[in-house]
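The values are calculated or read from the model by the stated rules, or taken from the named source; none is laboratory data. Please read these numbers as outputs of a predicted model, since none were measured by experiment. Cβ atoms come from the backbone with ideal geometry, glycine included; neighbour counts cover every protein chain shown. Quick note on the areas: whole protein, heavy atoms, side chains included, nothing else; ligands and nucleic acids left out. Shrake-Rupley method; radii C 1.70, N 1.55, O 1.52, S 1.80 Å.
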Amino acid sequence: MYGLYAIGFIAACVMALLLTPLVKKFAFWVGAVDAPNHRKVHTRIMPRLGGLAIFLAFVGAYFVVSPALDAVNSDAAFGLLLGGFVIVVTGALDDRFQLSPKWKLLGQLIAACIVVSFGLKIDLVNIPFGETNLPIGWLSIPITILWIVGVSNAINLIDGLDGLSAGVSGIATTTILILALMMGNVTVILLCVILLGSISGFMFFNFHPAKIFMGDSGALFLGFALATLSILGFKQAAVVSLLIPIMILGVPLSDTFFAMLRRYVNKLPISAPDKSHLHHCLLQMGFSHRTSVLIIYGIAAIFGGSAVVCSVFISQDSTWGLIMIIVALFLVMLVGAEAIGIISKSRKPVINFLQRLVGKQVQSDRVGK
């Protein structure tokens, strides 16, 4: 079976390597290009539509390997493929014609509804410190749709540097893959392997200096795929373990959260674009393009590793250990966000509080001596 997984990864990687140059030519031919402006980091016209190569490689590799695996949940896989097709078409149209937000949202909602129609939704939750299952009934549908749309847009928001979205998505996919191997979930393992292969092949052309951008077609598809895979792997989960997929996608989700908080603090519309996302802040601190990307890869790996550790705590019913890790990770995230100025360049309430706390402790120690 592991040999089939390896074949799936290689097939997806090779297909992405072969398809990406063709997609690049197609993007120039249809005019799906990204021109530089005051918000963009790149300085020359770049082809978009890279998501087409990722998606086609993903689909091709799936049909190469899946017939040999009887244990694959074909309904779940087809839900991902069909919904992925809708989301890629939506993104591709935006790459070429710059769709209005309402049309992009409509495409995302249709894709999410397709996933739900194939039975992929969060069914129930457990109450922490107890054994009671809490069915959420019809609420499972809007919660699932909101999760898919939210993650899709979160991945799209961090697509600001060469190789950033692809690399972070690859790390998140690897984390889900590790957890799926621990649980023996064949369907999730296969889909993660071929998605990782597709990303790896595309990264050859997308890492700095990029030769092609994935565009909305790629960022929306990767977000959609990760959201769907996380539902497939954690569809019946405890309240605390619902944080596992959130941690896996910690970088894009936290960046989105801080962007909303930043705009609220600065009294700006939530949808107002700016140059204060995580990658912008790192560039403003003097880090190079490539170093900024590698730093964010490291942060994504920390989130992914924390998710794996937390899943072990969950399997051992160690709720307090899980909560301690989550609180520590959240505190470090807040301090780091304030340190680089992702929320505000001047307001740093958490850091100021900690400094006052440390100052009082030092003064107390001196008095004691």
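Here are a few things to note about the model shown:
- Hydrodynamic radius of the chain by the Kirkwood approach over all distinct alpha-carbon pairs: 21.4 Å.
- Thr174 - accessible surface, heavy atoms, 1.4 Å probe, Å² rounded to 10: 50
- When nucleic acids and ligands are ignored and a 1.4 Å probe is applied, Cys13 ends up with an accessible area of around 30 Å².
- Å² of accessible area per residue within the stretch 305-355, as computed with a 1.4 Å probe and no ligands counted: 57
- Working from Cα pairs under 8 Å separated by at least six residues, relative contact order for the chain is 21 percent.
- Note on exposure: Lys25, Lys267, Lys211, Lys348 ranked by accessible area (1.4 Å probe, complete protein assembly) read Lys267, Lys25, Lys211, Lys348, with the most exposed listed first.
- Convex hull of alpha carbon positions in the stretch 1-88: directionally averaged projected area 7.3 nm².
- Convex hull per residue volume in Å³, alpha carbons only, for the stretch 65-108: 62
- If you take the alpha carbon atoms of the stretch 75-225 and fit the smallest convex hull around them, that volume is 123 Å³ per residue.
- Computed label-point distance, nm, for sites Trp29 and Leu261 using a 7 Å Cα→Cβ extension: 4.7
- For Phe207, solvent-accessible area (1.4 Å; no DNA, RNA or ligand), Å²: 50
- Sulfur and carbon atoms: percent of accessible area, the chain [1.4 Å]: 70
- Using Cβ point charges alone (K and R +1, D and E -1), the dipole size of the chain about the Cα centre works out to roughly 1460 debye.
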